[in-house]
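Peer 1: Below: one structure in C-alpha coordinates.
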Amino acid sequence: MNIQHNISLKKYNTFGISVNAKRFISVTSVYQLQQLLKVEKDIFLISGGSNMLLTKDINKLVVHIDIKGISIDRENHNDIYLTVNAGENWHEFVLWCVSQNYGGIENLSLIPGNVGTCPIQNIGAYGVEVKDTITKVEAIEIETGKLVQFSNKECNFGYRNSIFKNEAKGKYVLTSVSFQLTKGNHNLNTSYGAIETELTSKNIENPSLKDISNAVIAIRESKLPDPKKIGNSGSFFKNPVISKEQFEKLQDKFPNIPSYKVSDSEVKVPAGWLIEQSGFKGKRFGEFGVHEKQALVLVNYGNATGKEIFELAQKIQKTVLDSYQISLEIEVNII
Ligand SMILES: Cc1cc2nc3c(=O)[nH]c(=O)nc-3n(C[C@H](O)[C@H](O)[C@H](O)COP(=O)(O)OP(=O)(O)OC[C@H]3O[C@@H](n4cnc5c(N)ncnc54)[C@H](O)[C@@H]3O)c2cc1C
(Lines give C-alpha, C1' and ligand atoms only; values in the text may rest on other atoms or scores of the structure.)
Protein backbone atom coordinates (compact mmCIF):
# COMPACT_ATOMS: atom_id res chain seq x y z
CA MET A 1 0.00 0.00 0.00
CA ASN A 2 1.20 3.45 -0.92
CA ILE A 3 1.62 5.16 2.45
CA GLN A 4 3.31 8.57 2.28
CA HIS A 5 5.29 9.98 5.19
CA ASN A 6 5.39 13.45 6.76
CA ILE A 7 3.19 15.40 4.39
CA SER A 8 1.46 18.76 4.99
CA LEU A 9 -2.36 18.60 5.11
CA LYS A 10 -2.67 22.24 3.92
CA LYS A 11 -4.18 21.35 0.54
CA TYR A 12 -6.52 18.76 2.07
CA ASN A 13 -8.49 21.16 4.33
CA THR A 14 -10.43 24.25 3.22
CA PHE A 15 -9.18 26.27 6.21
CA GLY A 16 -5.75 25.87 4.59
CA ILE A 17 -4.08 24.96 7.88
CA SER A 18 -0.68 23.34 7.55
CA VAL A 19 -0.25 20.49 10.02
CA ASN A 20 1.91 17.44 9.52
CA ALA A 21 0.50 14.00 8.80
CA LYS A 22 3.02 11.44 9.99
CA ARG A 23 1.54 8.86 7.57
CA PHE A 24 -1.01 9.46 4.77
CA ILE A 25 -2.85 7.31 2.24
CA SER A 26 -5.55 7.96 -0.37
CA VAL A 27 -7.97 5.05 -0.84
CA THR A 28 -9.86 4.61 -4.09
CA SER A 29 -11.95 1.46 -3.48
CA VAL A 30 -13.94 -0.27 -0.75
CA TYR A 31 -11.75 -3.36 -1.21
CA GLN A 32 -8.56 -1.32 -0.65
CA LEU A 33 -10.13 0.24 2.46
CA GLN A 34 -11.11 -3.17 3.85
CA GLN A 35 -7.55 -4.49 3.28
CA LEU A 36 -6.13 -1.41 5.02
CA LEU A 37 -8.48 -1.77 8.00
CA LYS A 38 -7.23 -5.33 8.57
CA VAL A 39 -3.88 -3.84 9.65
CA GLU A 40 -4.65 -0.23 10.61
CA LYS A 41 -7.46 0.69 13.00
CA ASP A 42 -6.09 3.89 14.52
CA ILE A 43 -6.99 6.14 11.61
CA PHE A 44 -8.02 9.75 10.96
CA LEU A 45 -10.44 10.21 8.06
CA ILE A 46 -10.38 13.13 5.68
CA SER A 47 -12.68 13.67 2.69
CA GLY A 48 -13.17 17.23 1.37
CA GLY A 49 -11.63 18.66 4.57
CA SER A 50 -14.29 21.40 4.63
CA ASN A 51 -15.65 20.76 8.10
CA MET A 52 -12.57 20.59 10.25
CA LEU A 53 -10.14 22.86 12.05
CA LEU A 54 -6.76 21.15 12.41
CA THR A 55 -5.11 22.40 15.59
CA LYS A 56 -2.25 19.91 15.81
CA ASP A 57 -0.10 17.44 13.86
CA ILE A 58 -1.78 14.09 13.21
CA ASN A 59 0.07 11.03 14.45
CA LYS A 60 -2.61 8.54 13.37
CA LEU A 61 -2.66 7.23 9.80
CA VAL A 62 -4.55 9.87 7.76
CA VAL A 63 -6.91 8.10 5.33
CA HIS A 64 -8.12 10.27 2.45
CA ILE A 65 -11.38 8.88 1.04
CA ASP A 66 -11.25 9.08 -2.74
CA ILE A 67 -13.69 6.36 -3.83
CA LYS A 68 -15.46 7.54 -7.00
CA GLY A 69 -18.50 6.39 -8.97
CA ILE A 70 -22.23 6.97 -9.41
CA SER A 71 -24.72 4.21 -10.25
CA ILE A 72 -28.41 4.26 -11.05
CA ASP A 73 -30.15 1.57 -8.98
CA ARG A 74 -33.65 1.86 -10.44
CA GLU A 75 -36.16 4.37 -11.66
CA ASN A 76 -39.86 4.76 -12.32
CA HIS A 77 -42.00 7.43 -13.91
CA ASN A 78 -41.58 9.85 -10.97
CA ASP A 79 -38.35 9.01 -9.18
CA ILE A 80 -34.78 7.89 -9.66
CA TYR A 81 -32.74 5.93 -7.10
CA LEU A 82 -28.97 6.48 -7.18
CA THR A 83 -25.96 5.28 -5.19
CA VAL A 84 -22.97 7.60 -5.05
CA ASN A 85 -19.54 6.64 -3.76
CA ALA A 86 -18.10 8.62 -0.87
CA GLY A 87 -15.27 10.34 -2.74
CA GLU A 88 -17.46 12.11 -5.30
CA ASN A 89 -17.44 15.89 -4.89
CA TRP A 90 -20.82 17.09 -3.53
CA HIS A 91 -21.25 20.18 -5.72
CA GLU A 92 -20.26 18.34 -8.90
CA PHE A 93 -22.85 15.67 -8.03
CA VAL A 94 -25.52 18.37 -7.53
CA LEU A 95 -24.66 19.96 -10.89
CA TRP A 96 -24.80 16.58 -12.61
CA CYS A 97 -28.27 15.89 -11.08
CA VAL A 98 -29.49 19.33 -12.19
CA SER A 99 -28.22 18.66 -15.72
CA GLN A 100 -30.12 15.33 -15.75
CA ASN A 101 -33.28 17.03 -14.36
CA TYR A 102 -33.13 15.04 -11.09
CA GLY A 103 -34.68 17.18 -8.37
CA GLY A 104 -34.30 17.47 -4.61
CA ILE A 105 -30.80 18.76 -3.90
CA GLU A 106 -30.56 21.86 -6.14
CA ASN A 107 -30.82 24.17 -3.09
CA LEU A 108 -27.67 22.49 -1.75
CA SER A 109 -25.53 23.75 -4.64
CA LEU A 110 -21.99 24.95 -3.90
CA ILE A 111 -21.70 23.30 -0.47
CA PRO A 112 -18.08 22.13 -0.29
CA GLY A 113 -17.09 18.60 0.67
CA ASN A 114 -17.79 15.11 -0.59
CA VAL A 115 -20.91 12.99 -0.95
CA GLY A 116 -19.78 10.44 1.66
CA THR A 117 -19.72 13.03 4.42
CA CYS A 118 -23.03 14.76 3.60
CA PRO A 119 -25.05 12.58 6.01
CA ILE A 120 -22.71 13.20 8.97
CA GLN A 121 -24.01 16.65 9.75
CA ASN A 122 -27.08 16.34 7.50
CA ILE A 123 -25.94 19.21 5.31
CA GLY A 124 -28.54 21.86 4.76
CA ALA A 125 -29.06 25.24 3.13
CA TYR A 126 -31.85 27.44 1.78
CA GLY A 127 -34.69 25.50 3.37
CA VAL A 128 -33.50 22.01 2.31
CA GLU A 129 -31.74 19.28 4.27
CA VAL A 130 -30.06 16.34 2.57
CA LYS A 131 -31.85 13.88 4.89
CA ASP A 132 -35.04 14.30 2.82
CA THR A 133 -33.40 12.63 -0.19
CA ILE A 134 -31.22 9.95 1.48
CA THR A 135 -32.57 6.39 1.44
CA LYS A 136 -29.49 4.53 2.70
CA VAL A 137 -25.89 5.02 3.85
CA GLU A 138 -23.28 2.28 3.44
CA ALA A 139 -20.24 2.11 5.70
CA ILE A 140 -17.42 -0.14 6.83
CA GLU A 141 -17.29 -0.89 10.51
CA ILE A 142 -13.68 -0.10 11.48
CA GLU A 143 -13.43 -2.78 14.19
CA THR A 144 -14.66 -5.70 12.05
CA GLY A 145 -14.09 -4.50 8.47
CA LYS A 146 -17.71 -5.46 7.69
CA LEU A 147 -19.82 -3.53 5.19
CA VAL A 148 -23.01 -2.35 6.93
CA GLN A 149 -26.04 -0.32 5.92
CA PHE A 150 -28.01 2.39 7.70
CA SER A 151 -31.57 3.15 6.59
CA ASN A 152 -32.67 6.78 6.62
CA LYS A 153 -34.43 6.16 9.95
CA GLU A 154 -31.35 4.52 11.46
CA CYS A 155 -29.27 7.60 10.56
CA ASN A 156 -31.30 9.47 13.18
CA PHE A 157 -31.02 12.77 11.34
CA GLY A 158 -31.56 16.13 13.06
CA TYR A 159 -30.53 19.75 12.49
CA ARG A 160 -26.83 19.48 11.47
CA ASN A 161 -26.84 16.15 13.24
CA SER A 162 -27.02 12.37 12.76
CA ILE A 163 -26.02 9.09 14.39
CA PHE A 164 -22.55 9.61 12.81
CA LYS A 165 -21.93 12.58 15.11
CA ASN A 166 -23.15 10.64 18.14
CA GLU A 167 -23.14 6.92 19.00
CA ALA A 168 -21.65 5.86 15.63
CA LYS A 169 -18.91 8.56 15.71
CA GLY A 170 -15.44 7.17 15.01
CA LYS A 171 -16.76 3.62 14.46
CA TYR A 172 -17.45 3.64 10.71
CA VAL A 173 -16.00 4.79 7.41
CA LEU A 174 -18.89 5.96 5.21
CA THR A 175 -18.39 4.53 1.73
CA SER A 176 -21.54 5.42 -0.25
CA VAL A 177 -24.84 7.24 0.02
CA SER A 178 -28.08 6.32 -1.80
CA PHE A 179 -30.60 8.96 -2.84
CA GLN A 180 -34.18 9.15 -4.09
CA LEU A 181 -34.61 12.14 -6.41
CA THR A 182 -37.54 13.34 -8.49
CA LYS A 183 -37.67 13.07 -12.29
CA GLY A 184 -40.68 15.31 -12.78
CA ASN A 185 -43.20 17.08 -10.56
CA HIS A 186 -40.29 18.53 -8.61
CA ASN A 187 -40.97 19.86 -5.16
CA LEU A 188 -39.28 23.24 -5.67
CA ASN A 189 -38.32 25.28 -2.66
CA THR A 190 -37.86 28.96 -3.51
CA SER A 191 -39.28 30.57 -0.40
CA TYR A 192 -36.12 30.62 1.67
CA GLY A 193 -33.57 33.43 1.92
CA ALA A 194 -32.98 35.52 -1.15
CA ILE A 195 -33.84 32.86 -3.78
CA GLU A 196 -37.11 34.50 -4.81
CA THR A 197 -35.52 37.96 -5.06
CA GLU A 198 -32.68 36.53 -7.15
CA LEU A 199 -35.16 34.79 -9.51
CA THR A 200 -37.32 37.93 -9.81
CA SER A 201 -34.26 40.02 -10.66
CA LYS A 202 -33.76 37.66 -13.63
CA ASN A 203 -37.49 37.76 -14.57
CA ILE A 204 -37.86 34.03 -13.92
CA GLU A 205 -41.44 33.09 -13.03
CA ASN A 206 -41.39 29.31 -13.44
CA PRO A 207 -37.91 28.29 -12.36
CA SER A 208 -36.23 25.10 -13.49
CA LEU A 209 -33.84 23.12 -11.27
CA LYS A 210 -31.00 24.89 -13.08
CA ASP A 211 -32.51 28.34 -12.33
CA ILE A 212 -32.71 27.51 -8.62
CA SER A 213 -29.21 26.07 -8.56
CA ASN A 214 -27.87 29.18 -10.34
CA ALA A 215 -29.72 31.46 -7.91
CA VAL A 216 -28.28 29.62 -4.90
CA ILE A 217 -24.78 29.75 -6.40
CA ALA A 218 -25.07 33.50 -7.05
CA ILE A 219 -26.32 34.19 -3.51
CA ARG A 220 -23.66 32.01 -1.88
CA GLU A 221 -20.88 33.56 -4.00
CA SER A 222 -21.98 37.05 -2.93
CA LYS A 223 -22.06 36.17 0.77
CA LEU A 224 -19.54 33.46 1.56
CA PRO A 225 -15.78 33.57 1.08
CA ASP A 226 -14.42 31.10 -1.48
CA PRO A 227 -12.13 28.69 0.43
CA LYS A 228 -9.82 28.66 -2.60
CA LYS A 229 -9.16 32.36 -1.95
CA ILE A 230 -9.57 32.70 1.85
CA GLY A 231 -9.30 29.65 4.10
CA ASN A 232 -12.50 28.89 5.99
CA SER A 233 -14.86 26.11 6.99
CA GLY A 234 -18.23 27.77 6.37
CA SER A 235 -20.41 28.43 9.42
CA PHE A 236 -18.21 27.96 12.43
CA PHE A 237 -21.06 27.93 14.97
CA LYS A 238 -24.56 26.45 14.99
CA ASN A 239 -27.53 28.77 15.35
CA PRO A 240 -28.49 28.35 19.03
CA VAL A 241 -31.96 27.16 19.99
CA ILE A 242 -33.22 28.71 23.25
CA SER A 243 -36.45 28.61 25.24
CA LYS A 244 -39.18 31.11 24.42
CA GLU A 245 -38.99 32.27 28.01
CA GLN A 246 -35.28 33.11 27.76
CA PHE A 247 -35.89 34.79 24.42
CA GLU A 248 -38.61 37.05 25.84
CA LYS A 249 -36.28 38.15 28.65
CA LEU A 250 -33.56 38.94 26.10
CA GLN A 251 -36.07 40.83 23.97
CA ASP A 252 -36.76 43.22 26.87
CA LYS A 253 -33.07 44.14 26.87
CA PHE A 254 -32.38 43.82 23.12
CA PRO A 255 -35.61 44.67 21.24
CA ASN A 256 -34.01 44.05 17.82
CA ILE A 257 -32.90 40.46 18.54
CA PRO A 258 -34.02 38.30 15.57
CA SER A 259 -35.48 34.80 15.93
CA TYR A 260 -37.11 31.93 14.03
CA LYS A 261 -39.79 29.77 15.60
CA VAL A 262 -38.68 26.16 16.18
CA SER A 263 -41.64 24.96 18.26
CA ASP A 264 -44.23 26.47 20.63
CA SER A 265 -41.59 26.53 23.38
CA GLU A 266 -38.33 27.17 21.49
CA VAL A 267 -36.82 29.70 19.09
CA LYS A 268 -33.61 29.79 17.03
CA VAL A 269 -31.44 32.89 17.26
CA PRO A 270 -29.02 33.61 14.37
CA ALA A 271 -25.49 33.11 15.75
CA GLY A 272 -24.20 35.59 13.14
CA TRP A 273 -26.30 38.38 14.72
CA LEU A 274 -24.98 37.60 18.21
CA ILE A 275 -21.37 37.64 16.94
CA GLU A 276 -21.91 40.86 14.99
CA GLN A 277 -23.50 42.58 18.00
CA SER A 278 -20.53 41.44 20.08
CA GLY A 279 -18.28 43.47 17.78
CA PHE A 280 -16.43 40.64 16.02
CA LYS A 281 -17.75 40.96 12.45
CA GLY A 282 -14.92 41.88 10.06
CA LYS A 283 -12.31 41.93 12.87
CA ARG A 284 -8.88 40.85 11.69
CA PHE A 285 -6.16 39.66 14.05
CA GLY A 286 -3.04 39.32 11.89
CA GLU A 287 -3.39 36.14 9.84
CA PHE A 288 -6.92 35.22 10.99
CA GLY A 289 -10.24 36.81 11.84
CA VAL A 290 -14.01 36.97 11.33
CA HIS A 291 -15.24 37.45 7.76
CA GLU A 292 -16.36 40.99 6.87
CA LYS A 293 -19.65 39.94 5.23
CA GLN A 294 -20.57 36.91 7.32
CA ALA A 295 -19.92 36.96 11.08
CA LEU A 296 -20.50 33.19 11.33
CA VAL A 297 -17.40 32.47 9.23
CA LEU A 298 -13.93 32.49 10.78
CA VAL A 299 -11.14 32.87 8.24
CA ASN A 300 -7.46 32.13 7.70
CA TYR A 301 -5.83 34.87 5.62
CA GLY A 302 -2.88 32.62 4.86
CA ASN A 303 -0.63 31.44 7.62
CA ALA A 304 -2.79 31.18 10.74
CA THR A 305 -2.54 28.14 12.97
CA GLY A 306 -5.60 26.10 13.92
CA LYS A 307 -4.85 26.88 17.57
CA GLU A 308 -5.11 30.64 16.94
CA ILE A 309 -8.46 30.25 15.19
CA PHE A 310 -9.76 27.97 17.95
CA GLU A 311 -8.74 30.55 20.58
CA LEU A 312 -10.64 33.24 18.66
CA ALA A 313 -13.70 30.94 18.59
CA GLN A 314 -13.46 30.51 22.36
CA LYS A 315 -13.18 34.29 22.84
CA ILE A 316 -16.34 34.77 20.74
CA GLN A 317 -18.16 32.08 22.74
CA LYS A 318 -17.24 33.77 26.04
CA THR A 319 -18.27 37.26 24.89
CA VAL A 320 -21.65 36.01 23.59
CA LEU A 321 -22.24 34.02 26.78
CA ASP A 322 -21.42 37.00 29.01
CA SER A 323 -23.68 39.37 27.05
CA TYR A 324 -26.61 37.12 26.11
CA GLN A 325 -26.33 34.04 28.37
CA ILE A 326 -26.38 31.94 25.18
CA SER A 327 -23.70 29.32 24.66
CA LEU A 328 -22.66 29.00 21.02
CA GLU A 329 -21.97 25.44 19.92
CA ILE A 330 -19.15 24.90 17.42
CA GLU A 331 -20.31 23.24 14.16
CA VAL A 332 -16.83 22.50 12.78
CA ASN A 333 -14.88 19.43 13.95
CA ILE A 334 -11.97 20.59 16.10
CA ILE A 335 -9.08 18.17 15.61
C1 LIG B 1 -17.44 27.83 2.38
C2 LIG B 1 -18.19 26.72 3.10
C3 LIG B 1 -19.57 26.73 3.12
C4 LIG B 1 -20.27 25.70 3.76
N5 LIG B 1 -21.64 25.74 3.74
C6 LIG B 1 -22.35 24.77 4.34
C7 LIG B 1 -23.79 24.79 4.29
O8 LIG B 1 -24.40 25.68 3.71
N9 LIG B 1 -24.46 23.78 4.92
C10 LIG B 1 -23.82 22.77 5.57
O11 LIG B 1 -24.50 21.90 6.10
N12 LIG B 1 -22.46 22.72 5.62
C13 LIG B 1 -21.71 23.68 5.02
N14 LIG B 1 -20.35 23.66 5.08
C15 LIG B 1 -19.68 22.57 5.81
C16 LIG B 1 -19.20 21.39 4.94
O17 LIG B 1 -19.26 21.71 3.59
C18 LIG B 1 -20.00 20.11 5.21
O19 LIG B 1 -19.98 19.78 6.55
C20 LIG B 1 -19.47 18.92 4.37
O21 LIG B 1 -20.43 17.88 4.40
C22 LIG B 1 -18.14 18.39 4.89
O23 LIG B 1 -17.69 17.42 3.98
P24 LIG B 1 -16.18 17.05 3.82
O25 LIG B 1 -16.11 15.96 2.81
O26 LIG B 1 -15.36 18.25 3.54
O27 LIG B 1 -15.84 16.48 5.28
P28 LIG B 1 -14.44 16.49 6.05
O29 LIG B 1 -14.17 17.87 6.54
O30 LIG B 1 -13.39 15.82 5.27
O31 LIG B 1 -14.79 15.55 7.30
C32 LIG B 1 -15.76 15.93 8.26
C33 LIG B 1 -15.70 14.94 9.45
O34 LIG B 1 -16.02 13.62 9.01
C35 LIG B 1 -14.91 12.71 9.17
N36 LIG B 1 -14.89 11.93 7.92
C37 LIG B 1 -14.35 12.30 6.71
N38 LIG B 1 -14.62 11.36 5.79
C39 LIG B 1 -15.34 10.39 6.42
C40 LIG B 1 -15.92 9.15 5.99
N41 LIG B 1 -15.85 8.73 4.71
N42 LIG B 1 -16.58 8.39 6.90
C43 LIG B 1 -16.69 8.80 8.20
N44 LIG B 1 -16.18 9.96 8.66
C45 LIG B 1 -15.52 10.74 7.78
C46 LIG B 1 -13.68 13.59 9.37
O47 LIG B 1 -12.70 12.96 10.16
C48 LIG B 1 -14.30 14.80 10.07
O49 LIG B 1 -14.48 14.54 11.45
C50 LIG B 1 -19.59 24.66 4.43
C51 LIG B 1 -18.19 24.65 4.40
C52 LIG B 1 -17.49 25.67 3.74
C53 LIG B 1 -15.99 25.62 3.70
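Peer 1: In segment 15-27, which residues are open to solvent by 30 Å² or more (accessible area, probe 1.4 Å) and within 13 Å of the ligand (Cβ to nearest atom)?
Peer 2: SER26
Peer 1: Also, I was wondering about something else. What do you reckon, is GLU92 free of Cβ contacts under 8 Å to residues at least 60 places away in the same chain, within 16 Å of the ligand (Cβ to nearest atom), surrounded by fewer than 16 Cβ atoms within 10 Å (Cβ to Cβ) and over 13 Å from the mean Cα position of the chain (by Cα)?
Peer 2: When the stated conditions are applied, GLU92 passes them.
Peer 1: Still on this structure, please answer the following. Pairs under 6 Å by beta carbon, first residue surrounded by 10 or more Cβ atoms within 10 Å (Cβ to Cβ) in segment 66-79, partner aromatic (Phe, Trp, Tyr), six or more apart or different chains?
Peer 2: Matching pairs, first to second residue: ASP73/TYR81.
Peer 1: I've got another one for you. Can you pull out the residues in segment 1-17 that are at pLDDT below 95 and touching a Leu at 6+ places or on another chain (Cβ under 8 Å)?
Peer 2: Within segment 1-17, MET1, ILE3 meet the criteria.
Peer 1: A further question on this structure: Which of (1) in contact with a Phe, Trp or Tyr (Cβ under 6 Å, 6 or more places away or on another chain); (2) open to solvent by less than 10 Å² (accessible area, probe 1.4 Å) is the odd one out, the single condition VAL130 does not satisfy?
Peer 2: (1)
Peer 1: With segment 205-304 as the region, which helices (runs of 4 or more DSSP H) entirely inside it contain at least 2 residues that are touching a Ser or Thr at 6+ places or on another chain (Cβ under 7 Å) and within 16 Å of the ligand (Cβ to nearest atom)? Before you say what the answer is, go through the steps one by one.
Peer 2: Working: elements: 209-223, 244-253, 271-277.
Once the helices (runs of 4 or more DSSP H) in segment 205-304 are filtered for at least 2 residues that are touching a Ser or Thr at 6+ places or on another chain (Cβ under 7 Å) and within 16 Å of the ligand (Cβ to nearest atom), what remains is 209-223.
Peer 1: Take the residues in segment 76-88 that are over 19 Å from LEU209 (Cα atoms) and touching a strand residue (DSSP E or B) at 6+ places or on another chain (Cβ under 8 Å); name whichever of them is nearest to the ligand (Cβ to nearest atom).
Peer 2: ALA86
Peer 1: Could I ask something else about it? If I ask for residues that are open to solvent by 30 Å² or more (accessible area, probe 1.4 Å) and within 16 Å of the ligand (Cβ to nearest atom), which ones from segment 95-108 would you list?
Peer 2: Keep residues of segment 95-108 that are open to solvent by 30 Å² or more (accessible area, probe 1.4 Å), which gives 95-96, 99-101.
Result: LEU95, single match.
Peer 1: Would you kindly identify the strands (runs of 3 or more DSSP E) lying entirely within segment 39-96 that contain at least 3 residues that are over 17 Å from SER233 (Cβ atoms)? Walk me through it before giving the result.
Peer 2: Details: elements: 43-46, 58-65, 70-75, 79-85.
Counting at least 3 such residues, we get 58-65, 70-75, 79-85.
Peer 1: Now for a different question. Starting from residues that are among the small types (Gly, Ala, Ser) and crowded, with 21+ Cβ neighbours inside 10 Å, keep the ones in segment 290-327 and report whichever is farthest from GLN251 (Cα to Cα). Talk me through it step by step, then tell me what you get.
Peer 2: Narrowing segment 290-327 to residues among the small types (Gly, Ala, Ser): 295, 302, 304, 306, 313, 323, 327.
Filter once more, so that each one left must be crowded, with 21+ Cβ neighbours inside 10 Å: 295, 304, 306.
Numbers: ALA295: 21, ALA304: 37, GLY306: 35 Å.
Per the stated criteria, the residue is ALA304.
Peer 1: Pairs under 8 Å by beta carbon, first residue β-branched (Val, Ile, Thr) in segment 176-187, partner open to solvent by 10 Å² or more (accessible area, probe 1.4 Å) and in a loop (DSSP other than H, G, I, E, B), six or more apart or different chains?
Peer 2: If the second residue must be open to solvent by 10 Å² or more (accessible area, probe 1.4 Å) and in a loop (DSSP other than H, G, I, E, B), the pairs left are THR182/ASN78; THR182/TYR102; THR182/GLY104.
The values are calculated or read from the model by the stated rules, or taken from the named source; none is laboratory data. No experiment lies behind these values; they were computed from the predicted model shown. Every residue, glycine among them, receives a Cβ derived from its backbone with ideal geometry; neighbour counts consider all protein chains shown. Just the protein is used for accessible areas: all its heavy atoms, side chains included, with ligands, DNA and RNA removed. Shrake-Rupley method; radii C 1.70, N 1.55, O 1.52, S 1.80 Å.
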